[in-house]
Amino acid sequence: MQLTYQDGPEARVITVDNSRIDAAIAIKFKDQMRDMTSDGPQRVVVDMTKVDFIDSSGLGAIVAAMKQVPDGRSFELAALSNTVGKVFALTRMDSVFTIHDNVDAALDGGLANAS
């Protein structure tokens with residue numbers, strides 16, 4: 001499980017560098033997300049460009065990651081593939097999350113301070 005992030009003036013963009021979020025990596029995903037969302041800008045945007053598969057454990061890990069974000073901060077998703085987007089639609093999670101077409105659409109400004 002590999003996650004990286006960049007902070008911009010308005011958002012922290014966390015990039016999921018795996019093609020799958022499934023039972024095999026769900027716990028690591030949730031733990032790494034907790035570490036990356038405990039501080040930083042008020043908005044968290046998760047770039048899911050590389051993710052082409054998600055199962056129920058992965059969906060649960062994303063929901064858990066959203067719930068562990070401190071109060072007053074937003075947790076948003078960007079760049080869901082058609083397959084992943086269908087999972088969110090079928091489970092009605094598309095009404096729970098703010099979902100952007102891509103990271104650029106989610107951001108108001110540029111990124112700096114890569115980590």
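Within the range 19-44, the residues that satisfy the criterion of being over 15 Å from Q68 (Cβ atoms) and of a type outside the set (D, E, K, R) are S19, I21, A23, A24, I25, P41, Q42. For the range 1-30, residues that are among the charged types (D, E, K, R) and in a strand (DSSP E or B) total 3.
Condition first: crowded, with 17+ Cβ neighbours inside 10 Å, within 25 Å of D71 (Cβ to Cβ) and not hydrophobic (A, V, I, L, M, F, W, C). Now tell me which residues in the range 8-18 satisfy that. Steps first, answer last, please.
Step one: filter the range 8-18 for residues crowded, with 17+ Cβ neighbours inside 10 Å, giving 8, 11-16, 18.
Next, from what is left, pick out any that are within 25 Å of D71 (Cβ to Cβ): 8, 11-16.
Passing the criteria: G8, R12, T15.
Taking the range 67-87 as the range and being within 13 Å of the chain's Cα centre (by Cα) and free of Cβ contacts under 8 Å to residues at least 12 places away in the same chain as the test, only K67 passes.
If only residues of the range 8-18 that are more than 11 Å from the chain's Cα centre (by Cα) and touching a residue at least 40 places away in the same chain (Cβ under 8 Å) are counted, the one that is nearest to L80 (Cα to Cα) is A11. Among the residues of the range 19-66, the ones that are open to solvent by 30 Å² or more (accessible area, probe 1.4 Å) and more than 12 Å from the chain's Cα centre (by Cα) come to 18 in all. Pick from the range 67-90 the residues that are farther than 16 Å from V16 by Cα and of a type in the set (G, A, S): which of them is most open to solvent (accessible area, probe 1.4 Å)? Only one residue tops the list, namely G72.
Test N113 against the criterion of being at pLDDT below 95 and out of contact with any Pro (no Cβ under 7 Å at 6 or more places or on another chain), and give yes or no. Considered against the rule, which asks whether it is at pLDDT below 95 and out of contact with any Pro (no Cβ under 7 Å at 6 or more places or on another chain), N113 comes out as yes.
The values are calculated or read from the model by the stated rules, or taken from the named source; none is laboratory data. Just so we're clear, the structure is a prediction, and the values are computed from it rather than from any experiment. So basically every Cβ, Gly included, is an ideal-geometry build from the backbone, and we count neighbours across all protein chains shown. Surface areas here come from the heavy atoms of the whole protein model, side chains and all, with no ligands, DNA or RNA. Shrake-Rupley method; radii C 1.70, N 1.55, O 1.52, S 1.80 Å.
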